[in-house]
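Have a look at the structure below before the remarks.
Nothing in this text is a laboratory measurement; each read-out follows from the coordinates by a stated rule. Computed from a prediction, not measured in an experiment: that's the story for all the values here. Counting neighbours? That spans all protein chains shown, and the Cβs are built from the backbone with ideal geometry, glycine included.
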Amino acid sequence: MTAAVVVGLIMGVGMALVWAWVGARRPGLDSRLAPYVRPVDGRSWAEHPAGSRPAVVRLMAPVIRDAGRVLERWGSSSADVRARLERAGAPVSVEQFRAQQVAWGAVGLGAGFAAATTLRVARDAPLLSLLVLVVACCVGGALARDAWLTRQAQRRTSRIIAELPTIADLLALAVAAGEGARSAIERVASSTSGALPQELARALAEARAGTPLSRALHDMAARTGAQPLRRFVDGISAALDLGTPLAAVLRAQAHDARVAGREHLMEQGGKREIAMLVPVVFLILPVTVIFAIYPGLIAIRLTN
């Protein structure tokens, strides 16, 4: 009798939790009105009208949102993800990135489940170890997407640092030819390609929308996270505010950018040099020692 009461109580609590979860999934008035009052541009994939998305996406959207909340709670925050997306120049929102993390985690879960099934059938591995393997593969998939975003942001920042001296020289030539700061930036952004010209074009768009040019440039430097670009923007802003000849400032900034680029290359070379020691110490050196000692050991054994 006591066992039946306990089972009934557990079933009742479970049904109540399921009913609460289903009720929480029901869209409120704000969610139903949002597609009709928000602008079309700049909306995330989850904000589009339900009819414009596939049925599978509509069914999986609540689960993906819940998984995204878990990832935000135990992983990187939304502000950090948004900053790295800006640095990487990725045309996705935070919600889309969370959906990609969930997808990568699902792929890792499938791979872990396949590996666990193979190990269970082939070697009769313990269930606890297989469960840990499946969970580790799922978490590793989500973390791999986060690490890949960080790698993308770092690569784009490195490209911006490498492009800065050339862009600074072009701006100096345009200003020396008689153009103003805004027109020189517009000419360089329209006639060149790369990560930094894209950021300059975005800063110009913000300036046309009413933001002061110096503020737009500072936002660009903060968005990219490149320290040499921040110093470059500070020099341009000081020249614009104080009336200093801009061409001379740009040439000096180009020289400083080249020096910073050489320092960055030296720093990267030092890191690569340390990384090269790993295969030398743990692979090449042991093999060399084995080849040097093994004939002597064989000769000693034969002598004895």
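Under the rule a/c < 1.5 gives rounded, and otherwise a/b versus b/c splits prolate from oblate, where does segment 162-263 land using the Cα gyration tensor? Mind dumping the intermediate values first?
Values: a/c = 1.27, a/b = 1.10, b/c = 1.15.
Rounded shape, in that the Cα axes give a/c under 1.5.
In the neighborhood of residue 278, defined by Cβ-to-Cβ distances under 15 Å, what is the net charge if each Lys or Arg adds +1 and each Asp or Glu adds -1?
Charge balance near residue 278 sits at +1.
DSSP loop trypsin sites (Lys or Arg not before Pro) in segment 257-304 with at most 16 other Cβ atoms within 10 Å of their Cβ, which ones?
Taking segment 257-304 and a limit of 16 other Cβ atoms within 10 Å, no loop trypsin sites (Lys or Arg not before Pro) are found.
Between 248, 286, 235, whose Cα lies farthest towards the positive end of the dipole of segment 188-304 when Lys and Arg beta carbons carry +1 and Asp and Glu beta carbons carry -1, centred on the Cα centre?
Projecting each Cα onto the dipole axis, the largest value belongs to 286.
Just name one of 111, 147, 189: the one whose Cα is farthest towards the positive end of the charge dipole of segment 91-191 (beta-carbon charges, Lys/Arg +1, Asp/Glu -1).
Sorting the options by dipole projection puts first 111.
Find the percent of Cα-Cα distances in segment 259-304 that exceed 17 Å, and round it to a whole number. Please report the intermediate quantities before stating the final value.
Numbers: 599 of 1035 pairs.
Counting pairs separated by more than 17 Å, the tail of P(r) holds 58 percent.
How would you order 203-209, 221-227 from highest to lowest mean count of nearby Cβ atoms within 10 Å?
Order by mean packing, descending: 221-227, 203-209.
Put a dot 7 Å past each Cα toward the Cβ at residue 162 and residue 177; how far apart are the dots in nm?
Each label point lies 7 Å from its Cα, and together they span 2.6 nm.
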